[in-house]
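Accompanying notes for the structure given below.
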Amino acid sequence: MLDILAQLGSGFISCFEPANIAMIVIGILVGLLVGVLPGLTLVMGVILVLPFTYKMDVTGSIVLLTAMYVSGTYGGAFTSILFRIPGEPIHVPLLWDGYAMARAGKPSKALGWTLVAALGGGVLSWFIMVVLTKPVADFALRFSTPEYFAIVVFGLASVIALGRGGLAKAFISLALGLLVASVGTDAIYGSYRFTLGLPLLADGIEFLVVMVGAYGVGEVLSRLEMGFAGKPIQKISDASTELPTLKEISEIKGMFLRSSLLGNIIGIVPGAGATIASFVSYGVESQFGRRKTELGHGIAEGIVAPQSAATASVGGALIPLLALGLPGSGATAVILGAFTLHGIQPGPQVLITSAGMIYTIFASLLLGVLVMCVIGYFAIRPLVKILDFPEAVVSAFVMILCFVGAMSIRGNITDLWLMIGFGFIGYAFERFNFPIAPLVLGVILGPIAEESFMNAMISFGNDWTIFFTRPISGTIMAVTALTLALPLAAMLRERLRSSRSNRG
């Protein structure tokens, strides 16, 4: 414990270096702007910034993206409460009570509860992350190639099971991502695969091209189809923050703690993320809360539960990323990409070889939460003024950033065409309700899974049963099978119930 405190102290000292504190402030501001603007999702915002970190050092890059991540879970609360426009799916549960409280003449109070919820959930999440990451990494040091392969398969399966649009569509999305990841030169044998005779493809398709295209360009094409038909924004005179009293906070402290812990736990599950944490926390409160019958009518619990869970999920999602190299959410998948861009693979070894960087990231998360709340308290009016920009103008800026980002990777025009191609794929996925997350995770984790699988086969004489006979890898594979079986069973049960009702 003393070693952790010493490392953490060094991390805080590093955070106060001018470059790192600037990255925290910039990340918080950009994350808040992304959260406020409808049509710009948190994941898309982090992806758009990622190419600009290419020339930065790895610590500054991760600090910037992590600050964006945590503030993005809070920024959309402003528009949800004031205008009933969720900037993110994360904030849909928040508006059910937040907007109701604002309509009852207390918008400042609703914003105050949101700020306190984000602060409490973020601080608790940070504490749990600092305490748990090293033990999880120490346990992971016992892993060999079969265990690494099993844990990557578990991460991919979790994203499939949680993908919207059905299990079959999630499998198709993942399969396409794995196919894209296999383009290029085989890492073991050095042979070309699916290069179509193009020299550029010999180096593979950059995952950044896939992410920027599928999320950024795809979203712009979807908005273009709708004619940028944004809902007119009603002007609001009172856009300030009124913090709740200590007595008011004390009355819901049990619910506050429950929601924050739940958000942290959900964040740890690979593929879950802040949106699921927000919805589940609100659902738990509606089932077991002390004032569950009043939810939806503008009570504090309906604001605190989803917001504290959403912000708490950030620290939870960073635990598997830093300790195991597995992203716990869409945003941490992008942060994993930032590590990869700088030649670093997160996992148990990183806490040994790059402990200073990891503890600087830990410290930056706590500072980011505090800076976010200070800026959020004073910057509500200028932030909501951003909504005056026409949606078409915002989308034009998004497209510019997409092109700049894709061109900055290898400076080759082919990457731009690839980005546009994946933009149409992302648009088609949105159009036909296919999840994009399995595609992106397949591109990022596919090479890691392949390398672990091939090394395991070489090390254990091509014995594929090794993944199931070793205790740790066998347990992980069993949990993976259960992860896939549960949504499959639910789907079959629903179809059976539907066929029975049709006969009746």
Check your understanding: Regarding I476, is this residue assigned to a helix (DSSP H, G or I) and surrounded by 13 or more Cβ atoms within 10 Å (Cβ to Cβ)?
Key -> yes
Practice item. For segment 429-439, state whether one or more residues are within 12 Å of G213 (Cβ to Cβ), among the acidic types (D, E) and at pLDDT 80 or above. Key: no
Check your understanding: Restricting attention to segment 169-211, which residues are touching a residue at least 60 places away in the same chain (Cβ under 8 Å), among the charged types (D, E, K, R) and in a loop (DSSP other than H, G, I, E, B)?
Key -> E206
Check your understanding: Can E494 be described as at pLDDT below 85 and surrounded by fewer than 16 Cβ atoms within 10 Å (Cβ to Cβ)?
Key -> yes
Exercise for review: State which residue pairs qualify: first residue of a type in the set (G, A, S) and inside segment 450-470, second residue part of a helix (DSSP H, G or I) and loosely packed, with under 14 Cβ neighbours inside 10 Å in any location, beta carbons under 9 Å apart, and separation of 6 or more residues or different chains.
Suggested key: none
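Being at pLDDT 85 or above, touching a Leu at 6+ places or on another chain (Cβ under 8 Å) and either under 30 Å from R223 (Cα atoms) or among the basic types (K, R) (or both): is that true of G35 here?
no
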**Study point:** Test for G421: is it under 23 Å from the mean Cα position of the chain (by Cα), surrounded by 14 or more Cβ atoms within 10 Å (Cβ to Cβ) and of a type in the set (G, A, S)
**Key:** no
Check your understanding: Residue check: is Y99 under 22 Å from L351 (Cβ atoms), over 19 Å from the mean Cα position of the chain (by Cα) and part of a helix (DSSP H, G or I)?
Key -> no
Check your understanding: Does V369 fit the bill of being at pLDDT 80 or above, in a helix (DSSP H, G or I), among the hydrophobic types (A, V, I, L, M, F, W, C) and within 25 Å of A22 (Cβ to Cβ)?
Key -> yes
Practice item. Return the only residue of V58, V63, V43 being touching a His at 6+ places or on another chain (Cβ under 6 Å) and either closer than 22 Å to G337 by Cβ or modelled with pLDDT of 80 or more (or both). Key: V58
Check your understanding: Of all residues in segment 431-483 being within 15 Å of V152 (Cβ to Cβ) and aromatic (F, W, Y), which is farthest from the chain's Cα centre (by Cα)?
Key -> F467
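Does S395 fit the bill of being polar (S, T, N, Q), outside any loop (DSSP other than H, G, I, E, B) and closer than 30 Å to K109 by Cα?
no
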Point to revise | Filtered residue count, segment 342-351, keeping only those that are part of a helix (DSSP H, G or I) and at pLDDT 80 or above | key: 0
Point to revise | Contacts under 7 angstrom Cβ, first residue in segment 415-427 being without any contact (Cβ under 8 Å) to a residue 24 or more places away in the chain and in a helix (DSSP H, G or I), partner crowded, with 21+ Cβ neighbours inside 10 Å and not aromatic (F, W, Y), 6 or more apart | key: L416/A406
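Out of segment 292-302, which residues are assigned to a loop (DSSP other than H, G, I, E, B) and within 16 Å of A117 (Cβ to Cβ)? Break it down into steps so the answer makes sense when it comes.
Initially, segment 292-302 is screened for residues assigned to a loop (DSSP other than H, G, I, E, B), giving 295-299.
Of everything in segment 292-302, those that are assigned to a loop (DSSP other than H, G, I, E, B) and within 16 Å of A117 (Cβ to Cβ) turn out to be L295, G298, I299.
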Revision key, fill the gap. Residue pairs qualifying under the 9 Å Cβ cut-off, at least six apart or on distinct chains, with the first in segment 360-380 being under 17 Å from S125 (Cβ atoms) and touching a residue at least 40 places away in the same chain (Cβ under 8 Å) and the second being small (G, A, S) and surrounded by fewer than 18 Cβ atoms within 10 Å (Cβ to Cβ), are A363/G9; A363/S10
Practice item. Name, by its number, the condition in (1) part of a helix (DSSP H, G or I); (2) modelled with pLDDT of 80 or more; (3) surrounded by fewer than 24 Cβ atoms within 10 Å (Cβ to Cβ) that does not hold for A305. Key: (3)
**Study point:** Single match in F389, F403, F378 (criterion: under 30 Å from S222 (Cβ atoms) and at pLDDT 75 or above)
**Key:** F403
Point to revise | Members of segment 41-75 that are surrounded by 24 or more Cβ atoms within 10 Å (Cβ to Cβ) and not in a helix (DSSP H, G or I) | key: T41
Practice item. Check G289, G343, G356, G283 and return the single one that is at positive phi and out of contact with any Gly (no Cβ under 7 Å at 6 or more places or on another chain). Key: G343
**Study point:** Residues satisfying the stated conditions in segment 246-288, i.e. surrounded by 18 or more Cβ atoms within 10 Å (Cβ to Cβ), in contact (Cβ under 8 Å) with a residue 60 or more places away in the chain and more than 27 Å from L326 (Cβ to Cβ)
**Key:** F256
Practice item. Select, from S108, S80, the only residue that is at pLDDT below 80, within 17 Å of A379 (Cβ to Cβ) and assigned to a helix (DSSP H, G or I). Key: S80
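The values are calculated or read from the model by the stated rules, or taken from the named source; none is laboratory data. Given the structure is predicted, the values throughout are model-derived calculations rather than measurements. Ideal geometry is used to build each Cβ from the backbone, glycine not excepted, and the neighbour counts take in all protein chains shown.
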